[in-house]
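Engineer: Pasting a structure below so you can have a look.
The values are calculated or read from the model by the stated rules, or taken from the named source; none is laboratory data. The shown structure was predicted, so the numbers you read here are calculated from the model rather than taken from an experiment. In this analysis, Cβ positions are derived from the backbone assuming ideal geometry, glycine residues included, and neighbour counts consider all displayed protein chains.
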Amino acid sequence: MTKLQCNNFSTIYNSYYKKSYYFAKSYVHDEIAAEEIASESLIKLWEKLKSKDIDYLQPLLLTIIKNKALDFLKHEEVKRSAFENMADWQMQEIQLRISSLESCNPNDIFSSEVEKIVYSTLKTLPKKTEEIFIMSRFENKCNKEIAISTGLSEKSVEYHISKALKALRVTLSDYLPTLLTILYLHLRG
């Protein structure tokens, strides 16, 4: 989507808010902070679009969200380190989220190498599992919609999605930050 295609803020907001929110929330683990990060990131993206043409909108948006989430997490780390009662595991969890975000390169998310790995992994799964995962993550259908269209129960749909995610976790272990981003970008809110 370039400047010509994004001629108003509501188009950008409606297209990217949920994805932005889920991506931010996956790292900050705080709904209010994720809402603020998503909203502020979309405003910053809009301001950039008004000033120049952008060829790769999604990687730019992810970079903006990533930086805002990093700022939030670093602030939380400083805040929490001030409390002596904070458990070591809580500090380690925040540090893990920070390092995961820092290693996330939004351009990798859209790389053909990762895309090939995802689709080749899906091809190794049973046809029904592949079909359900694609409906869930790439066609943005909720579990109930998938259950209705496939004639399966929602629990069966969840099973197939979980099976696909496990396979992707193995084949994309070197791309964990990328995998998380792909999954959250394709979540349906």
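Engineer: Within the stretch 46-72, which residues are aliphatic (A, V, I, L, M) and either under 17 Å from the mean Cα position of the chain (by Cα) or closer than 16 Å to residue 98 by Cβ (or both)?
Structural biologist: If the condition is that a residue be aliphatic (A, V, I, L, M) and either under 17 Å from the mean Cα position of the chain (by Cα) or closer than 16 Å to residue 98 by Cβ (or both), then 57, 60, 61, 62, 64, 65, 69, 70 are the ones that fit.
Engineer: Related question: Would you check which residues across the stretch 122-158 are modelled with pLDDT under 90, at negative phi and of a type in the set (S, T, N, Q) and list them?
Structural biologist: Listed by number, the residues that qualify are 136, 143.
Engineer: Still on this structure, please answer the following. Please work out which residue is modelled with the lowest pLDDT, limiting yourself to the stretch 1-22 and to residues that are surrounded by 10 or more Cβ atoms within 10 Å (Cβ to Cβ), hydrophobic (A, V, I, L, M, F, W, C) and more than 23 Å from residue 137 (Cβ to Cβ).
Structural biologist: The residue in question is 6.
Engineer: So how many residues does the stretch 24-57 have that are buried (at least 19 other Cβ atoms within 10 Å of the Cβ) and more than 26 Å from residue 95 (Cβ to Cβ)?
Structural biologist: Qualifying residue count, the stretch 24-57: 4.
Engineer: Now, a different point. Enumerate the pairs (first residue in the stretch 131-153 and free of Cβ contacts under 8 Å to residues at least 60 places away in the same chain and buried (at least 16 other Cβ atoms within 10 Å of the Cβ); second residue anywhere and of a type in the set (Ser, Thr, Tyr) and assigned to a loop (DSSP other than H, G, I, E, B)) with beta-carbon separation below 9 Å, excluding pairs fewer than 6 apart on the same chain, so at least 6 apart or on different chains.
Structural biologist: From residues that are free of Cβ contacts under 8 Å to residues at least 60 places away in the same chain and buried (at least 16 other Cβ atoms within 10 Å of the Cβ), the pairs are 147/153.
Engineer: Within the stretch 46-65, track down each residue that is touching a Phe, Trp or Tyr at 6+ places or on another chain (Cβ under 8 Å) and part of a helix (DSSP H, G or I).
Structural biologist: Listed by number, the residues that qualify are 46, 58, 59, 61, 62, 65.
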